[in-house]
Amino acid sequence: MTPMTRKATRHISQNEGLIFEKSSPGKAAFKLAPLDVPEVDTAKLLGSSERKDLGNMPEVSEIEIIRHFTRLSTWNYAIDLGMYPLGSCTMKYNPRVNEAVTRLPGLANGHPYQPEKISQGALRIIKTLSECLTEITGMDAITLQPAAGAHGELTGLLLVRGYLQSKGNPRKKILIPDSAHGTNPATAATVGYAVENLKSNSAGMVDIPSLAAQMNEDVAALMLTNPNTLGVFEQEIHKIAELMHAKGGLLYMDGANMNALVGKARPGDFGVDVMHLNLHKTFSTPHGGGGPGSGPVAVKKFLEPFLPKPVIVTKADGTLGFDYNRPLSVGRVRAFYGNFGMFTRALAYILANGPDGLRQTTEDAVLNANYIRKALEGVYDLPYSTPSMHEVVFSDKLQAKQGVKTGDIAKRLIDYGFHPYTVSFPLIVHGALMIEPTESESKEELDLFIEAMRSIAQEVQEEPQTVLEAPHNTRVSRLDEVAAARKPVLRWKPAAQ
Amino acid sequence: MRYLPKSPADREAMLKAIGARSINDLFAPIPDQYRLRHDLKVPRQMAESEIMDWFDQCSHENGDEYSIFLGAGTYYHYRPVIIDSLISRGEFLTAYTPYQPEVSQGTLQSIFEFQTMICELTGMEVANASMYDGSTASTEAVLMAVRLTGRRSVTVARSIHPEYREVLETYALNQGIPLTTVSFGENGRISLKDLEKSFTPDTGCVLVQSPNFFGTIEDVAAIADIAHKHGALLVVAISEAVSLGIVEPPRQADIIAMEAQSFGVPLGFGGPYCGLIATREQNVRQMPGRLVGQTVDRKGKRGFVLTLATREQHIRREKATSNICTNQALVALMANIFMTVYGKVGLKELAKQNLAKTAYAASKFGKHAKVLFPNAPRFNEFVVQTKEDPYVINNRLLGHKIVGGFPLKKFLPELGNAALWCCTEMTGRTAIDTAAGVLAESEATEPVREAAEVAQ
C-alpha cells in the first residue's frame with residue numbers, strides 16, 4: 001500500500017444533509033431593494049392565476065448555503081485535484097482567465113436581442129473564434145449555434161440532409177463504425193436516417209472492403225471519429241473519403257478527438273466535408289459536472305448555404321451583423337446564437353496558446369498517451385497494437401482471469417487518488433480501459449498513475465478482493481444502481497406528518 | 001506555453017522511454033501528405049494581460065452601460081454574489097459528468113436538490129437534470145409526447161417564443177411530424193375556438209407557453225381540458241422561471257419544458273442557459289436527459305447515482321429517447337443556488353416586484369401608446385403598439401442609454417408597429433419614466449415615414 005500514500009491520503013470530509021433538511025420558517029438568504037414603484041394587488045392583477053404557496057421550497061441563511069455547497073463540492077473529484085484520464089472526454093486544464101473574460105460586464109450582461117450596433121464586441125468574439133476554428137479544422141465555414149457535441153452531430157447531419165435534398169434525394173442511411181460513440185447512431189435516428197453498422201478491421205480501423213461493399217446511393221454519409229475511439233488515426237482516410245464521394249455520399253467527422261490533431265493535421269485537408277468540435281474537450285471550456293458544452297459545426301464551401309440561421313456577416317459599413325435571409329438554411333437548432341459563454345472561453349484559450357502553443361499542446365497530449373501505453377503494455381492487455389495518438393485502450397483480459405473487471409480496476413484507482421478512466425468503451429473491446437491523459441499532466445503525475453495501475457495489477461494477483469470491494473476510502477462505497485433504477489426516488493419528499 | 005507542465009528534459013526522457021527519436025515519430029500514423037508543415041494562422045500567443053485587454057475592449061463595445069427593457073426569452077435578474085463564488089470551486093467547475101458516483105456525490109446531491117425544487121415549483125412529479133435550453137427542451141418535450149401517445153401530429157400556439165417554434169420546425173421536419181399553428185385572440189391568449197378545430201385523430205400534443213411570448217398568462221386549465229378530451233397531451237413551455245413565484249404553475253400539463261435562465265444565469269448574449277423537462281411519474285421512461293436518483297451504498301448509507309440510463313444514447317444508441325449527452329450541470333447549479341437563496345418566501349417577493357414594475361410601466365406607456373392584450377393577466381412583459389416604427393423609437397432611446405422593447409415585426413408582422421417590453425426587479429423607475437417620456441414625444445409628433453406615405 002505504500003504507493004498509495006504517495007498520491008493520496010485520507011482526510012476528514014464534512015457530512016451534509018439535503019438543503020430541505022436544514023430549512024425552517026423565518027430564515028432567509030435574500031434581501032430585495034425597496035420597491036420604487038407603487039405596490040400592486042396581486043389578486044386583482046392575476047385573479048385565479050395567482051399562486052398562493054411555494055410548497056417545500058427551502059428557507060435558509062447565506063452562511064448555511066455557502067457551507068452546504070462547499071461541503072458538497074469537497075465530495076467531488078476534479079481536474080483541479082489531479083489527473084482525470086477519461087478516454088474520449090479530454091479532461092484538460094480549464095484556464096481561469098477563460099472564466100474572468102466571460103464575466104466582464106458587457107459580455108455577461110449582453111442581451112441577445114440588443115441592437116447590433118451595441119453588440120459589436122460580442123459579434124467580434126463570434127467572428128474571431130469562427131475564423132480560428134475554420135483555420136484549425138481546414139474547413140471553409142462554421143456555425144457556433146449547437147449547444148453540445150451531440151447537438152453538433154445533429155446539425156451536421158441536418159446539413160447533409162439539406163444538401164442531398166437540394167440535389168433531389170436525401171437518401172436513407174448513415175454508416176457508423178462499430179467503435180463509434182452512442183450519440184452517433186442516436187443522432188442519425190433523430191434526423192430520420194436508418195443506421196447501418198460498419199465493422200472495424202483487425203487493426204481497429206474502418207474495414208475498407210466492407211465500406212466499399214456497403215457504400216451505395218442509399219447512403220447519405222459516413223460518421224467517422226478520427227482518431228477513432230481506440231485512439232487510432234484512420235490511416236486510409238483518403239480511400240474512405242474517395243469511396244464516399246465516388247457514390248455521392250458525404251464524410252462526417254466526429255471531432256471528439258480533435259485534441260490529437262490541432263496544429264498537426266486538418267480534417268479539411270483529408271477529405272472531411274462536415275465535422276463538429278467539442279469546445280468543452282479540445283478547447284478547454286470546463287465540463288462543469290456535465291455541461292454546458294458547445295458543439296460548433298465546420299463545413300466545406302458547398303454546405304455553407306445550408307448552415308443554421310442566423311450567420312454572422314460584415315456589413316457594407318464595416319460593422320458586424322446577423323444575416324437571417326438564408327433561403328437554403330436547415331433552420332434553427334437552438335434559440336439565439338449558441339452557448340456564447342463557451343465561445344469567450346474557447347477563444348481565450350486559443351489566444352493564450354497561439355499557433356505554437358496549440359501545436360505543442362497536441363504533441364504533449366500524444367506524448368503522454370504513448371508514455372502510458374509503453375509503461376503499461378504487458379501489465380494490461382493491449383488488444384490493438386496499432387499506434388496510439390492521444391489515448392490508449394487496454395482490456396481487462398489478464399485481470400478477468402482473477403474475476404476482476406475493468407469496472408473494479410477503475411474503482412480501485414479512486415483509492416489511489418485518481419479519477420477512473422473510461423470503463424467498457426469502445427464496445428469493440430471487451431472489458432475496455434480507455435485512457436486519455438491529455439497534455440495537462442506532468443511526467444510526475446503520469447508516473448504516479450502508472451505506478452497506481454501497476455500496483456492494482458499486482459493486487460489483482462495477490463489480493464483480488466481488495467480490488468473487487470473498492471473504493472475503500474470514499475465517503476460512500478459502491479452504490480446500489482439496480483435498486484435506484486427499479487424503484488426510482490428522483491426527488492426529496494418531506495417525511496409524512 | 002504556460003498551461004503545459006513539462007520541461008524540455010521531461011519530453012526528452014519520455015520520448016526515450018517510448019523509444020521514439022522525435023515527437024514526429026508519434027505522428028507517423030497520419031499520412032505524410034496530410035501533416036501540417038506550417039503554423040496555423042491564428043493570433044500569436046498572448047499574455048494573460050493582453051487577453052484581458054482584448055476582451056475588455058469587446059465588453060465595452062457590447063453595451064455595458066445601458067438600461068434594458070428586453071426580455072423575450074431571456075431575462076435580466078439580479079444574480080446573488082454567492083452563485084459565482086460557489087460555482088467557481090474547482091470541484092464543481094472542473095468535474096466531469098458524475099458517472100463515477102463514489103467521487104461525484106457533490107454534483108449528484110446538488111442535482112437531486114435541483115430536481116426536487118423544480119418539482120415543487122412546477123407542480124410536476126419528476127424533473128430531469130437539465131437540457132440545453134428552453135427551445136430544445138420544448139422540442140424534446142414534444143417529441144416525448146409523440147412517443148407517449150403514438151400519434152404523430154402536433155398543434156403549436158403561435159404565441160410561443162418564435163425561436164422555440166423554429167427549433168421545433170427544424171426537428172419536426174426531419175421526423176415527419178406535421179405541425180399545425182393556432183393563433184392568439186384579442187386577449188393575447190391562444191384562441192380556444194381555433195384550438196378545438198385544430199385536432200385530428202393523429203394529434204399527439206398541444207404546445208403552449210405560459211406566460212406566453214407576450215407575457216400573457218394562458219388559461220392552462222381550459223387548454224388542458226380541450227387537449228385531454230381529444231386524447232392528446234398538453235406540453236407547456238415556461239421561459240420566464242421567476243413567474244413561478246407568483247403565477248400558478250401549469251399543473252394540468254402533462255409535460256413542462258422550462259428555461260431556468262432567470263434563476264441566476266447571466267444573459268450572456270444568449271447562452272449557456274438551462275433547459276429542463278418535468279412531468280408525471282408515469283411518463284418518466286420516455287423522458288430524455290439525465291436523471292439523478294437516491295439509493296444506498298453497501299453499508300446502507302444514503303447516496304445518489306445517475307439512473308434510468310437505459311433511456312439514453314450510450315446504452316440504447318439509435319433507439320434512445322434522444323441523442324442528448326451533455327446537459328447543463330454547471331448552469332443548473334447556478335439555478336439551484338439561486339432557488340436556495342430566494343427560497344419559499346424570496347421567490348414570491350421577487351416575482352411580486354417584477355409584477356409591480358411591469359404594471360407601473362404598462363400604465364405609464366399606456367397613456368401614450370396602445371398596450372395590447374389588456375384583458376388577460378400578464379407577468380413581466382407587455383406589448384406596446386405605436387404609430388412610429390419601434391426600431392426608430394429604439395434608436396432614439398439609445399441616446400438616453402436605454403435599450404427599448406423588442407420589435408415584433410420580424411416574427412409577428414400581423415402586429416404591425418409593436419414591441420415587446422419587459423421589466424424586472426432591475427428596472428429602475430427613472431428608466432421607465434425616461435422611456436415613457438421618449439415614447440410620448442415620438443407618438444405626439446407625426447411620424448416622418450407615415451407622412452411620406454400620405455404624400456404618395
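Some notes on this structure:
- In segment B:205-245, residue surrounded by the fewest Cβ atoms within 10 Å (Cβ to Cβ) [restricted to those that are touching a helix residue (DSSP H, G or I) at 6+ places or on another chain (Cβ under 8 Å) and of a type in the set (S, T, N, Q)]: B:Ser243
- Any hit, segment A:55-64, residues being modelled with pLDDT of 95 or more, farther than 30 Å from B:Asn212 by Cβ, among the aliphatic types (A, V, I, L, M) and in a loop (DSSP other than H, G, I, E, B): yes
- Residues of segment B:1-18 that are in a loop (DSSP other than H, G, I, E, B) and more than 7 Å from chain A (Cβ to nearest Cβ): B:Arg2, B:Ser7.
- Of the strands (runs of 3 or more DSSP E) lying entirely inside segment A:296-341, those carrying at least 1 residues that are in contact with a Gly (Cβ under 7 Å, 6 or more places away or on another chain) are A:297-299, A:311-314.
- Selection from segment B:157-201 of residues that are under 25 Å from A:Gly331 (Cα atoms), more than 14 Å from chain A (Cβ to nearest Cβ) and among the charged types (D, E, K, R): B:Arg158
- Search result, residues across segment A:431-472 that are assigned to a loop (DSSP other than H, G, I, E, B) and buried (at least 18 other Cβ atoms within 10 Å of the Cβ): A:Gly431, A:Glu436, A:Pro437, A:Thr438, A:Glu439, A:Ser440, A:Glu441, A:Ala470, A:Pro471
- Output for segment B:312-321, where each listed residue is under 25 Å from the mean Cα position of the chain (by Cα) and within 7 Å of chain A (Cβ to nearest Cβ): B:Gln313, B:Ala320
- Residues of segment A:128-149 satisfying the condition of being within 7 Å of chain B (Cβ to nearest Cβ) and either polar (S, T, N, Q) or part of a loop (DSSP other than H, G, I, E, B) (or both): A:Ala147, A:Ala148
- Those residues of segment B:293-307 which are more than 7 Å from every other protein chain (Cβ to nearest Cβ) and not basic (Lys, Arg), in sequence order: B:Gly300, B:Phe304, B:Leu306
- Subset of segment B:369-424 [in a helix (DSSP H, G or I), in contact with a strand residue (DSSP E or B) (Cβ under 8 Å, 6 or more places away or on another chain) and over 19 Å from B:Glu186 (Cβ atoms)]: B:Pro390, B:Tyr391, B:Ile393, B:Asn394, B:Leu397
- Residue match in segment A:385-398 (condition: surrounded by fewer than 24 Cβ atoms within 10 Å (Cβ to Cβ), without any contact (Cβ under 8 Å) to a residue 12 or more places away in the chain and over 30 Å from A:Glu462 (Cα atoms)): no
- Boolean, A:Gly357 is in a helix (DSSP H, G or I) and either among the β-branched types (Val, Ile, Thr) or closer than 21 Å to B:Met131 by Cα (or both): no
- Screening B:His38 against (1) without any contact (Cβ under 8 Å) to a residue 24 or more places away in the chain; (2) surrounded by fewer than 20 Cβ atoms within 10 Å (Cβ to Cβ); (3) at the interface with chain A (Cβ under 7 Å from one of its Cβ atoms) leaves a single unmet condition, (3).
- Single condition B:Thr94 does not satisfy, out of (1) closer than 19 Å to B:Ile337 by Cα; (2) in contact (Cβ under 8 Å) with a residue 12 or more places away in the chain; (3) facing chain A (nearest Cβ under 7 Å): (2)
The values are calculated or read from the model by the stated rules, or taken from the named source; none is laboratory data. Note that the structure is predicted; figures quoted are calculated from it, not measured. Cβ atoms come from the backbone with ideal geometry, glycine included; neighbour counts cover every protein chain shown.
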